[in-house]
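Laboratory data are not the source of any read-out in this text; all were calculated from the coordinates shown. Please read all numbers here as calculations on a predicted model, not as lab measurements. Quick reminder, even Gly has a Cβ in these numbers, built from the backbone with ideal geometry, and neighbours come from all protein chains shown.
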Amino acid sequence: MKVLVIGSTGYLGHWVGASLTEAGHQVVEVSRRGHARHGTGLAGDVTATGLGLGPKELAELSDVAAVVSCFGSVDWDADPSRLVNLHVTGTRNVLDTAAGLPGVRRVVHTSSLLALGRAEGLVGNRELAVGQSFRNWYEYAKYRAEAVARRESRVPVSIVRFGPLLGPAPAGLVPRTGGPLQALPTLLQGMPLILERGGRYPVYAGDVAVAGQVIAELATRPGEVPEVCTYFDPARPTLARVLHELCRPWNVVPRLVEGGTRGGGRPVRWLQRQAARRLGLGAGALEYTSPLPDLDPAVLDTLPRPVPAERPGYLSATADLLRDTRRVLLPVDAEVSHR
Amino acid sequence: MTTPSATAPTGTGQDTGRQPPYCRVDTHVHPRLRVYSAGNFGEVAPERLSPMSWSLVGRPMELGTRRFIGRVLGRPRWTTGSTYVFTGYLGLRPYHNLTAYCHVAEEVVLTEPRDVTEAYFEGVQPPPPSDVERVRGWRKVMVGPRMLTELLRLRTRNATLEQRVFAFEQEVRDAAAAGIDWRLGEFVARGKRLLEIAWEVHITCTSGAVAAEVVRRKVTGKLVPDAESVAGWLREPAELPWTRLYGLGGMREGPADFLDKIFYEVADQHLPWVEYAVRPVAKPMAGSGGPADVSPREALIGMRSALRGRAVDASVLFLGDMMSVREQSKSLAMRLLHVHRTLARELARARGVAHADWPYLSMDELSGPDLPGPAEVERRRESCAEALGLDMPDYLDLRPGAAPDAVPRRRPTGVSPGVFEGVAIGVEDMPTEDGVVLVCESADANIMPILPFVGAVVTARGSQYSHVAILCREMGVPAVVSHPLASDITPGRRVRVNGDTGEVRILD
């Protein structure tokens, strides 16, 4: 089967391409530079109509059977209009292009659990707009993009949501923003991190390689696939555990401090936040020091079976990789320079 | 208050040229406030108006503006007198007095002339300050509170007005069927009063929107990171009343009747006026249906602390409400103008004025004791024909020594957020493929039929509150106005439009 992967040179896109190739499918990769890691490469732009592809290139895609959309920016502090335009306009363009390709029978749209923002109560796959508020424009962009994908009627769309994805990959692809890795520079310098309940709540982290396989399965499986499904590591590692694993390669024990809870002791919480900010944790990351929404455990049931198992030690292996390649982590003052 | 005079500058025929008066029915140019701009008139109103229509648009708008500004600034002398201050009718074209509005902006706390030009006058450089008297002392302190008081009672005034307009429409319609002659005087007087109120409410909202925009900008600038980046999204609620009015379309001879007619011009059956008229093709918003997403405004509330979120929310909603009432009051003015089509026709018949002649008279003349005779009408007809041959520019700098043809530079502005890339088409073309960008000189309601099929709009003229800007925001179509490239982009070229930053690029 011929599969078009949009955003193929990203962290997740790399594993989608790898999984598809391994399963014997032909992959056409669209990225800004047109690099190909697993199949044929095309240079395109998701913010342009027709993904910026010419008529000849589009004609060559006429036998594409499935489209995977896994482009995006996970930079929480990026310019809001750029973020929203990228995700919303990009999703529209991907769907328009897919609807215009005669052979396409399915689009897989990659969403995020962060599209649920600060949703209250138990949330399942069905829910999207639940009166939630958002921490940042990234969450809002993901919410809007998923809303666009859910409204699509010209071509079947399967939506898959992920939490923070971790795990080894070519070092340059591991994003240092938009997840627990963002706290790493602070923790490695011995600074304390104030977390609600000391970080003993799940962050719905998952193995990026498994996420790639889930997407590949959704794109290529014959017959019905779920309209919306969610993947995360069923072991539900807590934020505290994830941070411990990430710090292990440096032989550092993260100093996680139990902080005030949302809604209670507002002045205390405010003081804690001010203190954390002074210690160098960015304002964007600070929003994630409280638990994510409660997910219905049944959300995993809709995943196409069998779901591959996570690679052992994938959490600490991510940090191993960053340490061994001496990839520079975000400096402490990155937040200041961003603003 | 003295009623401004609208007629008969002493010179006629031979005076028409590059200097005013351009026509026998021109208003006098203000002796000290001498820079005029068509502004929003240039986009939504016909390029030329008949004297009758001007008397139903310009005169009540002038009086309404004087009342509003008088109350806010404490009735300064420069807002009185027999010369038109805030509007002008030059060479049969309606103008706003840009110097006067910029002067008001200087007097109101927080606002600056630049805010006025950005909002309604295509971002042109404001004219030099005028030397009319300034508000000082206690009166100056009270300008802000007075302005706020005016704005806070707008919604109520508009609602009351809507009820009165509805009753007026019904009574005129019933009387026209049963014999209107014996009530003509009453209807003319009521219509005059209602038009003054409608335009007063409209101008109050228009001015209030400038102040509200500044407040919104300052509040979000202070409380929201990257405020500039999200400014374009923070416009709620829906600004246009058309969808609601179209819901009344099924009512026979109901309030939605005017939607099929020409806006601003009451002499829509008469030459030459009908040739300048713009027929609005307003339709319910096809693009605004479907389940409503959480709006950026709602999203923003959660990103800030409770107090900051509420402050941002209030400032955005205040601006949105201002814009909404502004459009609603305009629709009421248009409904009243539609009723005046019947009144003018019946009044002319009752007073023995030829059907072809009444567009050359004002409503006061047609209903008053000094009805101009056929000779005067003929002189006006000739003078108007000459004036129609003149090219009346958007911008008139009539200060002594000013270059007559000076065209100020417009500032490109992104007025509806979003990014789009596609092939350019003109306003006359029908989009044949998905993903086209409408590029035109100026777009008004006549772009409505094609708007659902275009991905972005670029115009050479327009400003933040132009009709095209409002339409595009309503339909979620990215738009950039006042862009110099709009004149260079030919159909078929590939362009990229960024409605957030106002950037337009030709790609091939």
Exercise. Lys/Arg Cβ at +1, Asp/Glu Cβ at -1, dipole of chain B taken about the Cα centre: which of B:Ser82, B:Phe453, B:Tyr264 is farthest positive-ward?
Worked result: B:Ser82
Problem set entry | Distance-filtered residues of the range A:68-100 - backbone nitrogen under 20 Å, label point 7 angstrom along A:Arg33 Cα→Cβ | A:70-75
Problem set entry | Mean ellipticity per residue at 222 nm, deg cm²/dmol - from DSSP H runs of n ≥ 4 across chain A, formula -39500 (n - 2.57) | -9000 deg cm²/dmol
Exercise. Counting only Cα, what are the radius of gyration and maximum Cα-Cα distance Dmax of the range B:43-166, in Å?
Worked result: 15.6, 43
Problem set entry | Cβ-placed point charges (K, R +1; D, E -1), dipole of the range B:413-506 about Cα centre in debye, nearest 20 | 200
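Within the range A:9-87, list the GluC sites (Glu not before Pro) lying in a DSSP loop whose Cβ has at most 14 other Cβ atoms in a 10 Å radius. Before the final figure, lay out each step's value.
Details: sites: A:Glu22, A:Glu29, A:Glu57, A:Glu60; in loops: none.
When the GluC sites (Glu not before Pro) of the range A:9-87 are filtered for loop state and at most 14 Cβ neighbours within 10 Å, nothing remains.
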Exercise. Picking from B:Cys472, B:Tyr22, B:Val135, whose Cα lies most toward the positive end of the charge dipole for the protein assembly as shown (charges on Cβ: Lys, Arg +1; Asp, Glu -1)?
Worked result: B:Val135
Exercise. Which of the GluC sites (Glu not before Pro) found in the range B:401-488 are loop residues per DSSP with 16 or fewer other Cβ atoms within 10 Å of their Cβ?
Worked result: B:Glu428, B:Glu433, B:Glu441
Exercise. Tell me, in nm to one decimal, what length is gained between B:Gln19 and B:Ile506 on full extension, where the rule is 0.36 nm per residue of separation less the Cα-Cα distance?
Worked result: 171.4 nm
Problem set entry | Contact order normalised by residue count of the range B:413-506, Cα under 8 Å, 6+ apart, percent | 40
Problem set entry | A:Trp270 versus A:Ala99: modelled label distance in nm, points set 7 Å from Cα along the beta carbon direction | 4.8
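So if I take the alpha carbon set of the range A:151-197, get Rg, then get Rh from the Kirkwood formula, what is the Rg over Rh ratio?
Here the Rg-to-Rh quotient is 1.19.
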Exercise. For chain B, what does -39500 (n - 2.57) per DSSP helix run (n ≥ 4), summed and divided by total residues, give at 222 nm, in deg cm²/dmol to the nearest 500?
Worked result: -14500 deg cm²/dmol
Exercise. Which number do you get for Rg(Cα) / (2.2 N^0.38 Å) in chain A?
Worked result: 0.98
Seminar exercise, completed: D (µm²/s, integer) via Stokes-Einstein for chain B, Kirkwood Rh across alpha-carbon pairs, 20 °C, 1.002 mPa s: value 91
For this session: Any chance you could count the Lys pairs in chain B whose alpha carbons are under 22 Å apart, treating pairs 8 or more apart or on different chains as valid?
Result: 6
Seminar exercise, completed: Kirkwood radius from Cα pairs of the range B:413-506 plugged into Stokes-Einstein at 25 °C, 0.890 mPa s, gives D in µm²/s equal to 201
Problem set entry | Nearest-20 debye value, the protein assembly as shown charge dipole, Cβ charges on Lys, Arg, Asp, Glu | 2580
Seminar exercise, completed: 1/(1 + (r/R0)^6) with r = Cβ-Cβ of A:Arg151 and B:Arg379, R0 = 60 Å, i.e. FRET efficiency to nearest 0.05, evaluates to 0.45
Problem set entry | 10 Å Cβ neighbours from other chains, averaged over peptide A:132-145 | 4
Exercise. For the range B:13-396, with only Lys/Arg (+1) and Asp/Glu (-1) charged at the beta-carbon, what is the dipole magnitude about the Cα centre, in debye rounded to 20?
Worked result: 1300
Problem set entry | Rule-of-thumb Rg ratio for the protein assembly as shown [Cα; 2.2 N^0.38 Å; N residues] | 1.11
Exercise. In the protein assembly as shown, what % of DSSP beta bridges are antiparallel (nearest 5)?
Worked result: 35
Exercise. Applying 1/(1 + (r/R0)^6) with R0 = 30 Å to the Cβ-Cβ distance of B:Asp429 and A:Lys56, what FRET efficiency is obtained, to the nearest 0.05?
Worked result: 0.75
